[in-house]
Structures are given as structure tokens and as C-alpha cells.
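The values are calculated or read from the model by the stated rules, or taken from the named source; none is laboratory data. Computed from a predicted structure; not experimentally measured. Note: ideal-geometry Cβ built from the backbone for every residue, glycine included; neighbour counts use all protein chains shown. All accessible areas refer to the heavy atoms of the entire protein, side chains included, with ligands and DNA or RNA removed. Shrake-Rupley method; radii C 1.70, N 1.55, O 1.52, S 1.80 Å.
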Amino acid sequence: MIHNERETRHQRVMEAVGRMMTAARTAPKGKGVDIIEIIAVEGSDDIQTLSAKTRELGMQNGMKFFLRDAENILSAEAVLLIGTRQQKQVLNCSHCGFPTCGDKPEIVPCAINSVDVGIAVGSACAMAADLRLDTRVMFSVGYAAQALDWLKGCRMVFAIPVSASSKNPFFDRLQR
């Protein structure tokens, strides 16, 4: 049997995205509390929906990099979304800027939650690098996914578009 790389690429990328999801899930969590949510977006319709929302938000907020990133994710085979639900970890560590968890307003994110999502994103990207996938972490696209409420209950979401092409489409990007 003959397998053409171009014809089997998407399947292999999605298998790799599954490994990235596992890496994010198994990343260390503060106090061992798992409040991370992870989804993979594939298929042109869903990626176009995410792109359109990113573009819309860019037009609203005037941040031109949102427009660039909205266009950029259209080159992705998939977009991995990693977010965290907010939960006070009751460490009274004051990393959020308040002396105790009880003093922290609800709108202010728990610093431990922020660290947890960062470690999960880093673990997913490390797996992608090990598998020689092209990626880039995008706050803008994560923000759009958050606006779409694709990760229910998550207030901090990051996106990782994934590609396996001859040139990383997320590296040399036109500045807008």
C-alpha cells in the first residue's frame, strides 16, 4: 500500500493535536486542582467562525493584530483552545495583588489559575515542538473563543493554531 503524505497529513495532525491535548491535561496544576478545559477546533466552517469572531473583535477594539491573527488561523489544520475556569485556590498567596483570597474581588483572576493555564499551554506547545508541528500561541483567537463561549465557564482562554506545512504560516506574518 502507498501512503501519500499530502493525503494523510490532516489525520496525522489531528493525532498530534490529541497528544497536545493530553500534554495540557497532564501538566501540573496548583494544589492538584484541575480547572483546565481543552478543545480542538477543526474543519473550515468552525475555524472560519473563530476567524470571523476574531476579526469582529479586532474591528471593535482597534487592535490590528486581531485582524492579522484572524486571517492567519485560516492556514491552520486545527486550533487548540486551552482555558481555565476561575476558582480561588485559598492559598492567601497575594500573587493576585490582594492580601487574601477573601479580599480578592471576583473579577480579578486567581494568579494560580493563570499559572495553571500557562503551564498547560506550554506543555501543549512542547509536545507540538517534539512532533515538529508549526504553532503559535494567540491571545487574540483565545479571546474570540471566549467570546463565543466555546469553553463553557472559562474566563482565560488561549489558542494554538496548528499546521504541518513546508513553511510555518504563523512565523513570518504581515503586520497590520
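Listing for the model above:
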{"quantity": "Tensor-based shape of the stretch 22-90 (alpha-carbon gyration tensor, a/c under 1.5 rounded, otherwise prolate or oblate)", "calculated": "oblate"}
{"quantity": "Which of Gly18, Leu131, Tyr143, positive extreme of dipole for the chain (C-beta unit charges)", "calculated": "Tyr143"}
{"quantity": "Cα gyration tensor shape for the chain, rounded if a/c is under 1.5, else prolate or oblate", "calculated": "oblate"}
{"quantity": "Nearest-10 value in Å² for the accessible area of Ile47, using the 1.4 Å probe", "calculated": "10 Å²"}
{"quantity": "The chain, accessible area per residue, ligands and nucleic acids excluded (1.4 Å, Å²)", "calculated": "53 Å²"}
{"quantity": "Helix axis angle, 139-148 relative to the chain longest principal axis, alpha carbon, degrees", "calculated": "80 degrees"}
{"quantity": "Distance (nanometres) between label positions extended 7 Å along Cα→Cβ at Arg155 and Gln60", "calculated": "1.8 nm"}
{"quantity": "Val41 long-range amide H proximity, modeled H, under 5 Å", "calculated": "Val79, Leu80, Leu81"}
{"quantity": "Portion, in percent, of the accessible area of the stretch 110-176 that falls on carbon or sulfur, probe 1.4 Å", "calculated": "58 percent"}
{"quantity": "Shape of the stretch 91-152, Cα gyration tensor, a/c cut at 1.5", "calculated": "oblate"}
{"quantity": "Signed unit charges on C-beta, dipole axis of the chain, positive-most listed residue Ala120, Leu50, Val90", "calculated": "Val90"}
{"quantity": "Solvent accessible area, Å² - Met156, 1.4 Å probe, full protein context", "calculated": "40 Å²"}
{"quantity": "Accessible-area composition of the stretch 1-107, carbon plus sulfur, in percent [1.4 Å probe]", "calculated": "51 percent"}
{"quantity": "Accessible surface, 1.4 Å probe, highest first, among residues Phe139, Phe65", "calculated": "Phe139, Phe65"}
{"quantity": "Value at 222 nm in deg cm²/dmol, rounded to 500, when DSSP H runs of n ≥ 4 in the chain each add -39,500 (n - 2.57)", "calculated": "-14500 deg cm²/dmol"}
{"quantity": "Assigned charges on the beta-carbon of Lys, Arg, Asp, Glu; the chain dipole about Cα centre (debye)", "calculated": "340 debye"}
